[in-house]
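Notes follow once the structure below has been shown.
The values are calculated or read from the model by the stated rules, or taken from the named source; none is laboratory data. This one's a predicted model, so the numbers in the text were calculated from it and none came from an experiment. Here Cβ is always computed from backbone atoms with ideal geometry, including for glycine, and neighbour counts include all displayed protein chains.
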Amino acid sequence: MTDDLENRYTPRFLEARPQLLRSDSYSDSTIFSTVRKLRKRYSIAFYSPLLGESSWTLVGMELMNELDKLGIPTYIIPWSISEKINQIRFKKRVLPRNTIDLELIDIHQYIKLLHLKAIIRLSHPDSFHVIHAFRQHYPNLKLIGYSVAESDSINEIWVDGCNTMDQVWGTSRFTCDVYRKSGVKVPIYYAPHGVKTDLFKPENADGKLRKRLKLDNKFVIVYVGRVDGRKNLPALIRAYAMIERPDTQLVIHGDKRSQDLELIRKLGIRNVTYTEDIGMRVWSVPHRHMPKIYGLALGRRRGCHVLPSHSEGFGMTLVEAGAMGLPCIAVDWSAPPEIILEGKTGLLIPISGFEEVAPFISSGGTWACFKEEKLADLIDLLYANPNLCEEMGERAIEHVKENFTWKKAAEYAFKALCALVEDSEKKLWRRVRSYYCMYKNN
């Protein structure tokens, strides 16, 4: 394990094109000296899942990749030792460990060999105790909790979990505000998720698949996501039933629940497609193929993406769909208003009140409700105005590129990490970042 860990880190931006960094003020020797100093002083690790297509899997991998480009030694500690490391793109950045559960012997090795200074736990705050247990033995190890809020408040268990951390990162400004007003006292930083705009772009839609499904001339409404009480898919089904026409189609990339199928039958909906029926089951489609799903709404007339959730801690599908050029519709509460520019990149459903969250949401609190007729009206507005759809979709692409890339997300994470290091080390971090910026601009 020792030799393996000692040889893992070479900054990717230095590997790629070091010749671009030669100038009067920035010599290669200076750069490598600075990076060696940083390696000796600091490395960080995301404690996150590796396999499966959950948003936390993507967040850990993509932020690790972008912080690595910034010259920050960054690794992943997998949630489970049983996860198949050989299936991971960045397997050399995944830290081995000696035990099934993460224990002191593993942390000791990481600190000794990699100078690990911070662990970022990606999960809900009621699980932050997993890393807090190490503080007694390693008081200088910085602990960061990275999480979401999906209701208007969090309970005492979540608050206590947050307050055992040195920092908390929130995926949206809504999340940060909820945590503050609920009693979280440690510093809270805004650290949004992002999207790979080189993957999620209209050119990566699958026109052949769209034609095979006879969707090219239809107005397609795409739903992407889990199917549970918070995601509120039945509201979209009922709203769609109000506006269904021969040239519309509802595409659902989510689990086929018997109650939803019964609702579709009861409402007499004809034009609905589950991606599972075309060989694209929700949990088996690799993330790199997701543009094909959104692309089903990019026929001769542009469709839209609807996320009918009661609440969102971020809304990953909103930035993915926006990057693909789809106008989005979501509730005018929690995180969606931070992503959707009302009337410019999409439409927001006005809320009608609040209700207690479903029991499976462990934070407690309430979330928003809306009238399905309002959602139906917004879908109908886009259906009746093809030019508006086109304009919103084009603006959505630019909006996402400017505000929600993984590079942008890494900038926020970098600022938060800088606040953790000693003043003498901040200068070093920022110097490495300046080298990267010069490389990026050449």
Are there any helices (runs of 4 or more DSSP H) wholly within the stretch 119-189 with 2 or more residues that are modelled with pLDDT of 95 or more and out of contact with any strand residue (DSSP E or B) (no Cβ under 8 Å at 6 or more places or on another chain), and if so which? 156-163, 173-182
Which pairs turn up if I take residues in the stretch 395-417 that are surrounded by fewer than 16 Cβ atoms within 10 Å (Cβ to Cβ) and look for partners that are among the small types (Gly, Ala, Ser) and assigned to a helix (DSSP H, G or I) with beta carbon separation below 9 Å, at least 6 apart in sequence or on another chain? 401/323
Of the residues in the stretch 128-158, how many are hydroxyl-bearing (Ser, Thr, Tyr), within 21 Å of residue 182 (Cβ to Cβ) and either surrounded by 18 or more Cβ atoms within 10 Å (Cβ to Cβ) or more than 23 Å from the chain's Cα centre (by Cα) (or both)? 3
Given (1) more than 30 Å from residue 218 (Cα to Cα); (2) touching a His at 6+ places or on another chain (Cβ under 6 Å), where does residue 345 come up short, assuming only one miss? (1)
For the stretch 279-302, give me each residue that is of a type in the set (A, V, I, L, M, F, W, C) and loosely packed, with under 15 Cβ neighbours inside 10 Å. 283
Counted residues, the stretch 211-224 - those being in contact (Cβ under 8 Å) with a residue 40 or more places away in the chain, touching a helix residue (DSSP H, G or I) at 6+ places or on another chain (Cβ under 9 Å) and surrounded by fewer than 21 Cβ atoms within 10 Å (Cβ to Cβ): 2
Might you check whether a residue that is surrounded by 13 or more Cβ atoms within 10 Å (Cβ to Cβ), assigned to a strand (DSSP E or B) and touching a residue at least 60 places away in the same chain (Cβ under 8 Å) occurs anywhere in the stretch 249-272? no
Being over 19 Å from residue 404 (Cα atoms), over 23 Å from the mean Cα position of the chain (by Cα) and surrounded by fewer than 24 Cβ atoms within 10 Å (Cβ to Cβ) narrows 124, 108 down to just 108
Selection within the stretch 41-80 - at pLDDT below 90, closer than 17 Å to residue 142 by Cβ and part of a helix (DSSP H, G or I): 41
